Amino acid sequence: MITDLHSHSTHSDGALSPAALAQRAHRNGVALWAMTDHDQLGGLAEAASAAGDLGLAFVPGVEISVSFAGETVHILGLGIDPADPDLVNGLSRTRAGRIERAREMADGLARVGIQGAFDGAMAHAGQPESVSRTHFARWLVERGICSDTNSVFRRYLTEGKPGFVTHRWASLGDALRWIRGAGGKAAIAHPARYRLTPNEEFALFTEFVGHGGVAVEVVSASHTERDQARVAALAREFGLRASGGSDFHAPGESRWDLGAGPPLPEDLPALWPTLWPNGCISTPT
Ligand code: AMP
Ligand code: MN
Ligand code: MN
Ligand code: MN
């Protein structure tokens, strides 16, 4: 039983349309699939309809950017109602700063001699207001300035590097309120990626649970095996369900394809059975 509860389309920083993602997930043997664009619900109707045509069970999702302890933390909202007004408005406010941030990022790159990055990144962004560091990375690769997007992030787009701009995203409390208000379940995405001190990480998990969060992404392309074991221990400690996903963005760019990656640890309760469409299947075949 292959599930994949984390993926991106052209509505945020993925390279495939929602319909193309649905086809790829289906072809890869995924039985339950979630699309989770950054701060964006715009592709969910197309994804749901394409998945429906294929007989692929679909979970509408979103990955919300949150500022916590000076770090950007991603919170997945799964099984949300894409029409919920508070969620729609909250995400629209969260996205609002992206274009201005992109101008500042381009200014930073211009200062080290890289001209034209704003227009370059915008040309890669399917939706102007979803312009992200990934679009800058793809443009810099296209220009031959770096050979792959990972190197671009290391050299130009992470904290302290010329194209990095500090940004204030949603609060943890707001993100959880929007997700729960829209009928969804919240999961902390790829926790091993954050540069938090042990105290800050403890605070993140404690506050997340306090706000009604129920799951954590244990299996992620961002995690090493050691990370996965550590996050599984956090899930046990905080009584969270385990989630997992490829975080697929683009062929040839993402570490895992849709549906790839190991199964969830068997001793942890999984999030996905609580999301299965109509909630009617507890023992899938
Ligand atoms: P943004 O929301 O504009 O800050 O962009 C964040 C996105 O950049 C993430 O969702 C990833 O898709 C991508 N990203 C972040 N760090 C890296 C990295 N080190 N290598 C490749 N992609 C990254
Ligand atoms: Mn991304
Ligand atoms: Mn993420
Ligand atoms: Mn993601």
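The values are calculated or read from the model by the stated rules, or taken from the named source; none is laboratory data. It should be emphasised that the depicted structure is a prediction, and the values quoted were computed from it without experimental measurement. Ideal geometry is used to build each Cβ from the backbone, glycine not excepted, and the neighbour counts take in all protein chains shown. These accessible areas exclude ligands, DNA and RNA; they are computed on the full protein's heavy atoms, side chains included. Shrake-Rupley method; radii C 1.70, N 1.55, O 1.52, S 1.80 Å.
So that you can scan it fast, the table gives a plain yes or no per residue for (1) open to solvent by 50 Å² or more (accessible area, probe 1.4 Å); (2) part of a helix (DSSP H, G or I); (3) in contact with a Lys or Arg (Cβ under 9 Å, 6 or more places away or on another chain):
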residue	(1), (2), (3)
Pro162	no, no, yes
Val165	no, no, yes
Ala192	no, yes, yes
Leu196	no, no, no
Asn199	yes, yes, no
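Report the residue count in region 46-76 for those that are open to solvent by 10 Å² or more (accessible area, probe 1.4 Å) and either within 14 Å of ligand 1 (Cβ to nearest atom) or under 22 Å from Ser132 (Cα atoms) (or both).
9
What pairs come up if the first residue lies in region 119-143 and is closer than 20 Å to Gly252 by Cα and part of a helix (DSSP H, G or I), the second is of a type in the set (Gly, Ala, Ser) and open to solvent by 60 Å² or more (accessible area, probe 1.4 Å), and their beta carbons are under 9 Å apart, counting only those six or more places apart or on different chains?
Close Cβ pairs satisfying both conditions: His135/Ala123; Trp139/Ala123; Val141/Ser147.
Would you check which residues across region 17-44 are closer than 19 Å to Ala187 by Cα, open to solvent by 10 Å² or more (accessible area, probe 1.4 Å) and part of a loop (DSSP other than H, G, I, E, B) and list them?
Hits for region 17-44 are Gln40, Leu41.
Does Ala102 meet the test of being surrounded by 14 or more Cβ atoms within 10 Å (Cβ to Cβ), of a type in the set (A, V, I, L, M, F, W, C), free of Cβ contacts under 8 Å to residues at least 24 places away in the same chain and over 25 Å from Ile179 (Cα atoms)?
no
Please work out which one of (1) in contact with a His (Cβ under 9 Å, 6 or more places away or on another chain); (2) under 27 Å from His11 (Cα atoms); (3) buried (at least 16 other Cβ atoms within 10 Å of the Cβ) is the condition Cys146 fails and give its number.
Looking at each condition in turn, Cys146 falls short on (1).
Among the candidates Asp81, Asp13, single out the residue that is under 14 Å from the mean Cα position of the chain (by Cα) and in a loop (DSSP other than H, G, I, E, B). Show your work before the answer.
Numbers: Asp81 fails: under 14 Å from the mean Cα position of the chain (by Cα).
Exactly one residue qualifies, and that residue is Asp13.
In region 49-73, what count of residues is obtained for those that are β-branched (Val, Ile, Thr) and either away from ligand 3 (no atom under 16 Å from the Cβ) or in a helix (DSSP H, G or I) (or both)?
First, pick out the residues of region 49-73 that are β-branched (Val, Ile, Thr): 59, 62, 64, 66, 72-73.
Narrowing the set further to residues that are either away from ligand 3 (no atom under 16 Å from the Cβ) or in a helix (DSSP H, G or I) (or both) leaves 59.
So the count comes out to 1.
Report whether or not Ala102 is more than 26 Å from Phe202 (Cα to Cα), within 16 Å of ligand 2 (Cβ to nearest atom) and in a strand (DSSP E or B). Before you say what the answer is, go through the steps one by one.
On the way: more than 26 Å from Phe202 (Cα to Cα): yes; within 16 Å of ligand 2 (Cβ to nearest atom): yes; in a strand (DSSP E or B): no.
Considered against the rule, which asks whether it is more than 26 Å from Phe202 (Cα to Cα), within 16 Å of ligand 2 (Cβ to nearest atom) and in a strand (DSSP E or B), Ala102 comes out as no.
Going through region 201-219 one residue at a time, which ones are open to solvent by 20 Å² or more (accessible area, probe 1.4 Å) and either of a type outside the set (Val, Ile, Thr) or within 16 Å of ligand 4 (Cβ to nearest atom) (or both)? Full working, then the answer.
Residues of region 201-219 that are open to solvent by 20 Å² or more (accessible area, probe 1.4 Å), as a first pass: 201-203, 206-207, 209-212, 214.
Correct list: Glu201, Phe202, Ala203, Glu207, Gly210, His211, Gly212.
Kindly list the number of the only condition in (1) under 27 Å from Leu41 (Cβ atoms); (2) buried (at least 22 other Cβ atoms within 10 Å of the Cβ) that fails for Leu140.
Checking Leu140 against (1) under 27 Å from Leu41 (Cβ atoms); (2) buried (at least 22 other Cβ atoms within 10 Å of the Cβ), the one that fails is (1).
Mind listing just one residue for me: the one in region 170-190 that is touching an Asp or Glu at 6+ places or on another chain (Cβ under 9 Å) and surrounded by fewer than 20 Cβ atoms within 10 Å (Cβ to Cβ) and, of those, nearest to Ala106 (Cα to Cα)?
Result: Gly173.
Can you tell me which residue in region 239-259 is farthest from ligand 3 (Cβ to nearest atom), limited to those that are open to solvent by 40 Å² or more (accessible area, probe 1.4 Å) and either closer than 16 Å to Leu78 by Cβ or in contact with a helix residue (DSSP H, G or I) (Cβ under 7 Å, 6 or more places away or on another chain) (or both)? Outline the logic, then answer.
Looking only at region 239-259, we keep the residues that are open to solvent by 40 Å² or more (accessible area, probe 1.4 Å), and these are 239, 241, 251-253, 255, 257.
Right, trim to either closer than 16 Å to Leu78 by Cβ or in contact with a helix residue (DSSP H, G or I) (Cβ under 7 Å, 6 or more places away or on another chain) (or both) and you get 241, 253.
Working: Arg241: 19, Glu253: 14 Å.
Looking at residues that are open to solvent by 40 Å² or more (accessible area, probe 1.4 Å) and either closer than 16 Å to Leu78 by Cβ or in contact with a helix residue (DSSP H, G or I) (Cβ under 7 Å, 6 or more places away or on another chain) (or both), I get Arg241.
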